[in-house]
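Note sheet for the following structure.
What follows is calculated from the coordinates using simple rules that are stated; it is not laboratory data. The structure displayed is predicted, hence computed values, not measured ones.
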Amino acid sequence: MNSLEVITRPFLDQQPGTSGLRKKVEVFQQPHYLENFVQSIFNSLENYQGEVLVLGGDGRYYNRHAVQVILRMAAANGFAKVMVGRGGLLSTPAASCVIRKYGAFGGIVLSASHNPAGEQGDFGIKYNTGNGGPAPEHITAAIYAESRRINRYLTLDTADVDVDTPGCRQLGDLQIEVIDPVADYAELMQSLFDFDRIHALINSGLFRMRFDAMHAITGPYAVEILENRLGVTPDTLMNCEPKEDFGGGHPDPNLVYADELVEVMFASQAPDFGAASDGDGDRNMILGRNCFITPSDSLAVLAANAHLVPGYRQGIAGIARSMPTSQAADRVADKLGIELFETPTGWKFFGNLLDAGRVTLCGEESFGTGSNHVREKDGLWAVLFWLNLLAVRRESVSDIITSHWQSYGRNFYSRHDYEAVDADGAGQLMHRLRDLGPALRGTIYAGHEVAFSDDFSYTDPIDGSVSEHQGVRIGFSDGSRVVFRLSGTGTAGATLRIYLERYEADPSLQQLDAQRALADLIAIAEQIAQIRHHTGRDCPTVIT
Ligand code: G16
């Protein structure tokens, strides 16, 4: 079958952000827009002809169309085989699992994560390399460069392929294998965790839980793993039917957007354990009865208890966390005598450390936790990790976190988001903070002395690559921190994120509400950055 060469012209806005290219669906619907980006991915790669590509997405609107476009283009560009999840579905961690398990050349994941979906919503596309992880910066930069000079792309003039029936079929010279999107991933989970023990807890009659898939991709994964293999009752699972518009919701598992679950977990007869995952299945939120575990604390608890879980019984090599994530995990690493790495925001920065065996667990404040089992963060993995801990320790979630704080101290932590603000105003705020920089050192705000202020720069210890301008950090002499950065995942205006952290060693002061404990720092952040002035907002849109 002859491939078709289509003449095109570049779009100048195809720069991948924190995690791939995310735009409004209507932007992707412009003629040639999606094709240009896919061809730019292929153009940035070498020696992929005759190789295997993995393909799938979170099932949002435009997923089905994009799958067909990519299959035709993969065939025309010379891939030998595409493994595609049935229905075009694969959660982000499952895509990573499949790439690694079958030694694929790479994968294309269709997702805009937790961003709202539907015709008016967002769509996204990202490329993962052969290690199963998000393309590192030098590849995303090459894709962007290709997208600015592209003048043709290759495709086929063929009808759509059946991606709903498992099995193999041909498209020209390309073999297409439609795979079960859940099976490989479920098998991997079973190899890491003590399913018998979790099953015993769940069926003990002493334990109740809820899992909220928020009408997104983890629904089928939760049904197979939690219901079929671990025996939860169907009413345990909320919103497990994936929908193209995610039920009109915003599948970001945090206290604001997962409000249905939060209401259940903070009611008087609340279950013992609650969890939610996001649009593409890589984020998680962990709740106990009337209790919220911050993602930063979750990472620290998992690290401190990893020896209780079969997959990590041999010990963990090291921990990596993104810079704005709290330093709770640092204290655990210190006690365990293992390395701790502070990386820029973005899972792609963990890849080299994981590949080199320097770290086993990774985490981000943005509800992402994961390990060396794949090269993406993994929502259900975190839920199963917690279930395994609960099954072994037989304590409540709140008792586990309280005793963790008693041992290590508590890093009070919160993130304040100002979503979709004016991009110029947000840019000016960041410029000003960068300019203020070192001059802030030694100044005192409400009794807190500034110990350092910088614009975070990271040198990858494995390949020496340098990533600059990753967020402004202002550190105080008592170890407290305020971090300012602009999100790289939004699609409207700019989103300013402010990360606040304060350490408390005294157990009698650790039960305070985080916003109260951080009140001084919140006021200082406003004083230094003049947030109201630059954003025109009186308060954040989301506080987590
Ligand atoms: C993505 C990245 C994460 C990052 C998060 C927030 O998550 O994979 O590594 O922490 O965005 O990034 P930002 O603060 O720039 O918005 P996801 O789940 O959206 O793919």
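For the stretch 223-233, backbone phi angles converted through the Karplus equation (6.51, -1.76, 1.60; θ = phi - 60°) give residue-by-residue couplings of 4, 5, 7, 6, 8, 5, 9, 10, x, 5, 7 Hz, Gly and Pro being listed as x. Considering the stretch 2-181, its Cα convex hull presents a mean projected area of 8.9 nm².
Relative to one another, the C-alpha centroids of the stretch 52-130 and the stretch 308-356 are positioned 28 Å apart. Taken one residue at a time, the phi angles of the stretch 496-512 give Karplus couplings (6.51, -1.76, 1.60, θ = phi - 60°) of 8, 10, 10, 10, 10, 8, 9, 8, 9, 8, 7, x, 6, 10, 8, 8, 4 Hz. Gly and Pro are set to x.
The amide H of Gly318, built 1.01 Å from its N in the peptide plane, has Thr360, Leu361 as neighbours under 5 Å, considering only residues 5 or more places off or on other chains. The Rg/Rh ratio for the stretch 410-543 is 0.98, where Rg is the radius of gyration of the alpha carbons and Rh is the Kirkwood radius. Counted over the stretch 185-408 with a bin width of 5 Å, the fraction of Cα pairs per bin, in whole percents, is 1, 7, 16, 20, 22, 17, 11, 5, 1, 0. For the stretch 1-35 versus the stretch 492-519, the spacing of their alpha-carbon centroids is 40 Å. How would you classify the stretch 195-280 from its alpha-carbon gyration tensor, with a ≥ b ≥ c the square roots of the eigenvalues: rounded for a/c under 1.5, else prolate if a/b is greater than b/c, otherwise oblate? Oblate, since a/c reaches 1.5 and b/c is not below a/b.
Principal-axis analysis of the Cα atoms of the chain puts helix 423-436 at an angle of about 50° to the longest axis. Separation of the alpha carbons by more than 26 angstrom is noted, of Lys101/Lys377; Lys24/Lys126; Lys24/Lys348; Lys126/Lys335, for Lys126/Lys335. Mind checking the log10 I(q)/I(0) for the chain at q = 0.06, 0.08, 0.12 Å⁻¹? Debye, one equal scatterer per Cα, no solvent, two decimals. Log10 I(q)/I(0), no solvent term: -0.28, -0.50, -1.16.
Take every pair of alpha-carbon atoms less than 8 Å apart whose residues are at least six positions apart; their mean separation over the length of the chain yields a relative contact order of 13 percent. Applying the Karplus relation 6.51 cos²θ - 1.76 cosθ + 1.60 with θ = phi - 60° to the stretch 122-138 yields 3J(HN,Hα) values of 10, 10, x, 8, 9, 10, 10, 8, x, 7, x, x, x, 4, x, 4, 5 Hz, where x marks Gly and Pro. Binning the alpha carbon pair distances of the stretch 58-158 at 10 angstrom intervals from zero yields the distribution 14, 43, 39, 4, expressed in whole percent.
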